[in-house]
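Take a look at the structure below.
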Amino acid sequence: MITNTLVSISNRALTFLGAQPITSLEDDTKEARSCNRMIAQSRDSVLRSHAWNFAVKRASLAANTTAPLFEYANAFDWPADCLRIIEINTLEEWNVEGRQIVSDAAAPLEIVYISQVTDPTIFDVLFVEVLALRLAADIAYEITASQTILSNMEELYRRKIAGARVIDAQEAQPVDEVDFLESRI
């Protein structure tokens, strides 16, 4: 089994660009500096773009002691590692404002969210491929000075993430199937 590292993911991106591999993100090369500068942003962008199964978490949030100025009764702070709210378990109306959820819902507020997973050893294999393509697109012009290569990387990224989303989504039971099964009991 291959263990993912930020260097191995960066080298995959550099391979897509036909660039020289690196041994460390701290190498004194244009490739290493570019990867080091962009990999966290590229990772968070790809994480936020889809509800990746390996990055989904649940939390129960307490209401803040200070309520919103108007319209809603409660404000709830996002978890520190939250990149995107997927679902909130309430029938009350809610809204995201900054890094808070505002709602008339009573505490605790149960949420499902995308967490900022930073440990590459737990990344899904398809996520790694998509991340490498996102990173390649993000550094393409800086490394190659070619708009054509940049466009090619963007297109490869779009195609790969579309396929990865389909496969990742197949690992969850569709909501309609759950409703159907529960109605039969």
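The values are calculated or read from the model by the stated rules, or taken from the named source; none is laboratory data. Just so it is clear, the structure is predicted and the values come from calculations on it, not from any experiment. Backbone-built Cβ (ideal geometry, glycine too); neighbour counts: all protein chains shown. With ligands, DNA and RNA removed, areas are computed over all heavy atoms of the protein, side chains included. Shrake-Rupley method; radii C 1.70, N 1.55, O 1.52, S 1.80 Å.
Okay, here's what the table says:
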item	result
Computed lengthening from S8 to N64, 0.36 nm per intervening residue step minus Cα-Cα distance	16.0 nm
Between region 119-151 and region 66-106, the Cα center-to-center distance that results, in Å	33
Nitroxide proxy distance, nm - points 7 Å out along Cα→Cβ at A169 and A80	3.4
Rounded if a/c under 1.5, otherwise prolate or oblate - region 109-171, Cα gyration tensor axes	prolate
Solvent exposure of region 1-60 as accessible area per residue, Å², 1.4 Å probe	56
Prolate/oblate/rounded call for region 44-185, Cα gyration tensor, a/c under 1.5 rounded	oblate
Charge dipole magnitude, Cβ of K and R +1, D and E -1 - region 23-76, Cα centre, debye nearest 20	200
Gain in span if fully extended, V96 to N152, counting 0.36 nm per residue against the direct Cα distance	16.7 nm
Net dipole in debye of the chain [+1 Lys, Arg Cβ; -1 Asp, Glu Cβ; about Cα centre; nearest 20]	660
Solvent-accessible area, 1.4 Å probe, carbon plus sulfur percent, for the chain	52
Lys/Arg +1, Asp/Glu -1 at C-beta; the chain dipole; positive extreme among V96, I167, M38	M38
Relative counts (whole %) of C-alpha pair distances in region 1-109, using bins that are 10 Å wide	12, 32, 21, 17, 15, 3
